[in-house]
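For reference, the structure is listed below as structure tokens.
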Amino acid sequence: MRLESIRVLLFDLDGTFIDSSQGMVRSANALRAAKNLAPLDAGALRHGINRGARGMLDLALSITPEHPEYTVWRDRFHD
């Protein structure tokens with residue numbers, strides 16, 4: 001492969017280079033607080049982290065992509 005042929009270089013930062021789990025747990029618990037729900041322990045949320053926002057919303061709020069407000073809560077999670 002020639003260097004000139006490379007147009008994009010992507011990094012997968014889901015724990016390979018950094019541990020982003022604490023930020024994702026904080027974001028999930030911020031959403032729970034917005035719904036007046038008690039925070040969840042990091043251990044309860046940790047196994048959903050590798051599924052991104054979808055997994056975190058499912059674990060934190062029981063909201064799946066089929067939920068009518070999924071995109072609203074997903075966007076809040078990303079913010």
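The values are calculated or read from the model by the stated rules, or taken from the named source; none is laboratory data. None of these values were measured; they are calculated from a predicted model. All Cβ positions, glycine included, derive from the backbone under ideal geometry; neighbour counts span all protein chains shown. Protein only, heavy atoms only, side chains kept; ligands, DNA and RNA dropped before computing areas. Shrake-Rupley method; radii C 1.70, N 1.55, O 1.52, S 1.80 Å.
Here the stretch 39-77 is the region considered, the condition is being part of a loop (DSSP other than H, G, I, E, B) and charged (D, E, K, R), and the residue that is least open to solvent (accessible area, probe 1.4 Å) is Glu69.
Checking every residue in the stretch 62-71 against the condition of being of a type in the set (Phe, Trp, Tyr) and either modelled with pLDDT of 90 or more or at positive phi (or both) gives at least one match.
When you scan the stretch 9-36, how many residues do you find that are over 15 Å from Phe77 (Cα atoms) and modelled with pLDDT of 90 or more? Talk me through it step by step, then tell me what you get.
Taking the stretch 9-36 as the starting set, the residues that turn out to be over 15 Å from Phe77 (Cα atoms) are 9-19, 36.
Of the ones still in play, those that are also modelled with pLDDT of 90 or more are 36.
Total meeting the criteria: 1.
Tell me, yes or no, whether the stretch 24-31 has at least one residue that is of a type in the set (Val, Ile, Thr) and surrounded by fewer than 14 Cβ atoms within 10 Å (Cβ to Cβ). Give the derivation first.
Within the stretch 24-31, the first condition is being of a type in the set (Val, Ile, Thr), and the residues that meet it are 25.
Filter once more, so that each one left must be surrounded by fewer than 14 Cβ atoms within 10 Å (Cβ to Cβ): none.
Scanning the stretch 24-31 turns up no residue that is of a type in the set (Val, Ile, Thr) and surrounded by fewer than 14 Cβ atoms within 10 Å (Cβ to Cβ).
Is it true that some residue in the stretch 7-30 is of a type in the set (Lys, Arg) and in contact (Cβ under 8 Å) with a residue 40 or more places away in the chain? The answer is no, given that none of the residues of the stretch 7-30 is of a type in the set (Lys, Arg) and in contact (Cβ under 8 Å) with a residue 40 or more places away in the chain.
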